[in-house]
Amino acid sequence: DTEVTQTPKHLVMGMTNKKSLKCEQHMGHRAMYWYKQKAKKPPELMFVYSYEKLSINESVPSRFSPECPNSSLLNLHLHALQPEDSALYLCASSQDGTSGGLTDTQYFGPGTRLTVL
Amino acid sequence: AQSVTQLGSHVSVSEGALVLLRCNYSSSVPPYLFWYVQYPNQGLQLLLKYTSAATLVKGINGFEAEFKKSETSFHLTKPSAHMSDAAEYFCAVSVIKAAGNKLTFGGGTRVLVKP
């Protein structure tokens, strides 16, 4: 099973709301990722968790707050977002996100389509 | 720095014709390269990956790619296009960072298949 699940599928929120995106995998992977994808653009990496520790933060604004409660779950907490944050948010996982895992395959979820009003 | 460039943001092919999507890489070390496909309103699905074991890599759905070091290329091909191949295709390279790996994607190529 190579499935990564994400909830919700769609989310509409106001600029003052607090919401969370959830991602789950049961492949025993120890690395999980958040990407942001704007329309007609490639995914851009936001965060990487390796063995439940934040290993890469690509200078993402603090209104995005990641959390990895355990090796199977990854959350992205959203607060005070801007309309330009509207995008498809993709979660991915791989067996090992360390520098020794260059050939790691990242498996992607279906994404959450976020609209900020 | 490692990067990939996809030539052509849009490709239009007739059903049954050859599909050729171009990807060139820039890397000072042996690269690890990937092709992903994204269908409308979906996530990314791995088509194939190059990890230096073989220069011709076969993937899913009849796609294959050939790694050519002399041309710094990793072009994706499929002999006969199906309507179901209409999608966005991304070439990506695995980039080493001190804190871990990251995938860096090319700009993507949208494939349109004409009946």
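The values are calculated or read from the model by the stated rules, or taken from the named source; none is laboratory data. Predicted model only: the values in this text are computed from it and were never measured. All Cβ positions, glycine included, derive from the backbone under ideal geometry; neighbour counts span all protein chains shown. Surface accessibility is based on the protein's heavy atoms, side chains included, excluding ligands, DNA and RNA. Shrake-Rupley method; radii C 1.70, N 1.55, O 1.52, S 1.80 Å.
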Determine, for each peptide in B:74-83, A:12-21, the mean count of other beta carbons within 10 angstrom over its residues, then list the peptides with the highest first.
B:74-83, A:12-21
Solvent-accessible area of A:F108 with every protein chain in place, 1.4 Å probe, in Å² to the nearest 10
20 Å²
Any idea of the accessible area per residue across region B:1-60, 1.4 Å probe, to the nearest Å²?
51 Å²
What does chain B give for Rg and for Dmax, in Å, if only its C-alpha atoms count?
13.8, 48
With a 1.4 Å probe and every protein chain kept in, tell me what percent of the accessible surface of the protein assembly as shown is carbon plus sulfur.
52 percent
Using Cα pairs closer than 8 Å and at least 6 residues apart in sequence, work out the relative contact order for chain A, in percent.
37 percent
Taking each residue of B:33-43 in turn, how many C-beta atoms of other protein chains fall within 10 Å of its C-beta, and what is the average?
4
Listing of region A:46-75 residues, each with accessible area lower by at least 20 Å² in the full protein assembly than in the chain alone (probe 1.4 Å)
A:S55, A:I56, A:E58
Per residue accessible area of region A:1-75, 1.4 Å probe, in Å²
55 Å²
Anyone know which of A:K53, A:K40, A:K22 comes out most mobile in the 10 Å Cα GNM of chain A?
A:K40
Contour excess over end-to-end distance, with Cα ends at A:Y51 and A:M27 and 0.36 nm allotted per residue:
7.3 nm
Please list the non-local residues whose amide H lies under 5 Å from the amide H of A:V12, H modeled 1.01 Å from N, same-chain partners needing a gap of 5 or more.
A:T115
Given the pairs B:K49/B:K78; A:K18/A:K53; A:K22/B:K114; A:K38/B:K49; A:K36/B:K114, which are separated by over 27 angstrom at their Cα positions?
A:K22/B:K114; A:K36/B:K114
Under a 10 Å cutoff between Cα atoms, tell me which one of B:Y89, B:Y50, B:Y39 has the largest fluctuation in the Gaussian network model of chain B.
B:Y39
Chain B: relative contact order from alpha carbon pairs under 8 Å, six or more residues apart, as a whole percent, is 36 percent
Phi angles of region B:44-61, converted by Karplus (6.51 cos²θ - 1.76 cosθ + 1.60, θ = phi - 60°) into ³J(HN,Hα) in whole Hz with x for Gly and Pro, give 9, 10, 5, 8, 6, 8, 10, 10, 6, 6, 8, 7, 9, 10, 9, x, 7, 6
Scalar couplings 3J(HN,Hα) for region A:38-44 by Karplus 6.51 cos²θ - 1.76 cosθ + 1.60 (θ = phi - 60°), nearest whole Hz, x for Gly and Pro, are 7, 4, 6, 10, x, x, 10
What share of all Cα pairs of region A:1-110, in percent, falls into each consecutive 5 Å distance bin?
2, 12, 24, 26, 20, 10, 4, 1, 0
Distance histogram for the protein assembly as shown (every C-alpha pair counted, 5 angstrom bins, percent rounded to whole numbers)
1, 7, 14, 18, 18, 16, 12, 7, 4, 1, 0
